[in-house]
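Here's the structure we're looking at; comments come further down.
Since every read-out is calculated from the coordinates, none of them should be taken as a lab result. None of the values given here were measured: they were computed from a predicted structure. Positions of Cβ are backbone-derived with ideal geometry, glycine not excepted, and every protein chain shown enters the neighbour counts.
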Amino acid sequence: MSFISRAIQNLRGDQIRKKTVDSQTVSFRLSNNLTKALGFDVYFYLVGDILIDTGFSHVQKTVVSALQKEEINLICCTHNHEDHTGNCAILAKQHNCEVYLKNSEDLLCDGVGSLYPYRKLFWGHLEPYLAKEVPEEVSTNAKMLKVIDSPGHSKTHVVYFDQDTGNVFTGDLVVSPGVSGVMTQERPLELIQSLRRVAALNPERMLSGHGMDVRAPVALLNRKADRIEKAIDDVKKLAKQGLQKSQIKKRVFKHGHGRDAFVATITQGQYSRDNFIKACLQDF
Ligand SMILES: [Zn+2]
């Protein structure tokens with residue numbers, strides 16, 4: 001590693017922390033000063049010999065070295081966002097394995113073809129990789145996972161369910177327990193169906209792409225779906241009454257408008273509560 005890249009790495013404070021979840025599952029937590037400022041560390045998981053997601057490319061060297069001695073025979077992506085699939089290309093090459101993704105023919109959807117500056121700043125670029133279409137079940141000689149279609153956050157989004165342990169790996173399906181701002185391409189109505197579909201599996205533990213680790217998550221999944229459903233109804237009712245989008249936003253989201261404005265500004269409007277209101281009204 002060159003002096004400059006080592007200095008940048010030290011300045012950013014790149015870290016990877018490996019933790020045993022259970023006898024078949026290991027989590028890897030990626031963080032640095034930027035992810036801490038945003039409040040979103042990134043997690044990926046090794047389940048048997050299947051790697052679920054690969055983290056972001058800013059920490060590529062750290063990730064590659066942490067996984068060097070692990071046996072990885074398959075990479076499965078929850079969805080194609082650069083904070084979760086940023087190291088697919090190099091890890092697939094190093095471990096000589098295939099990568100699975102849903103809607104793999106559309107690798108450049110969700111704005112990853114031309115990343116906004118904040119996405120490059122926080123996560124780094126997304127190196128192109130070859131992916132095969134994810135089947136309904138993924139397996140190696142050692143492990144099998146069920147694949148559950150879960151669009152809403154991204155059209156490439158799936159969830160992986162390990163029937164041996166009862167663990168469900170939910171990527172960005174649940175980033176927070178309540179109703180939040182969304183990215184421009186997100187579809188809250190689809191998210192509701194996805195949350196209910198995952199709840200119906202009756203998983204014992206939920207492990208997410210940004211660190212939520214929830215035991216017996218069915219109630220949380222259904223509650224989030226209920227909350228989004230109610231928020232969509234409220235938005236439509238208020239629109240019918242003739243309220244402007246800004247007024248609707250204040251009625252539907254009671255608190256945290258300062259943080260929403262901050263996030264909307266740094267993401268150039270790509271992540272905001274305004275996007276949620278717009279998405280609710282798009283077919284209205
Ligand atoms: Zn995402």
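Here are some notes:
- In the range 123-149, the residues that are within 15 Å of the ligand (Cβ to nearest atom) and surrounded by fewer than 22 Cβ atoms within 10 Å (Cβ to Cβ): Gly124
- The one condition from (1) under 27 Å from Asn10 (Cα atoms); (2) surrounded by fewer than 24 Cβ atoms within 10 Å (Cβ to Cβ) that His84 does not meet is (2).
- Test: residue in the range 188-196 that is touching a residue at least 60 places away in the same chain (Cβ under 8 Å) and among the acidic types (Asp, Glu): no
- When the residues of the range 168-212 are filtered to those that are touching a strand residue (DSSP E or B) at 6+ places or on another chain (Cβ under 9 Å) and on the phi > 0 side of the Ramachandran plot, the one that is farthest from the ligand (Cβ to nearest atom) is Gly211.
- Filtered residues of the range 8-39 (kept if out of contact with any Phe, Trp or Tyr (no Cβ under 8 Å at 6 or more places or on another chain) and closer than 18 Å to Asp83 by Cα): Gln9, Arg12, Gly13, Asp14, Gln15, Ser31, Asn32, Asn33, Lys36, Ala37, Gly39
- Some residue of the range 21-31 being over 27 Å from Arg205 (Cα atoms) and either touching a helix residue (DSSP H, G or I) at 6+ places or on another chain (Cβ under 9 Å) or buried (at least 16 other Cβ atoms within 10 Å of the Cβ) (or both): no
- Among (1) in a loop (DSSP other than H, G, I, E, B); (2) at negative phi; (3) within 12 Å of the ligand (Cβ to nearest atom) - the single one Gly152 does not satisfy: (2)
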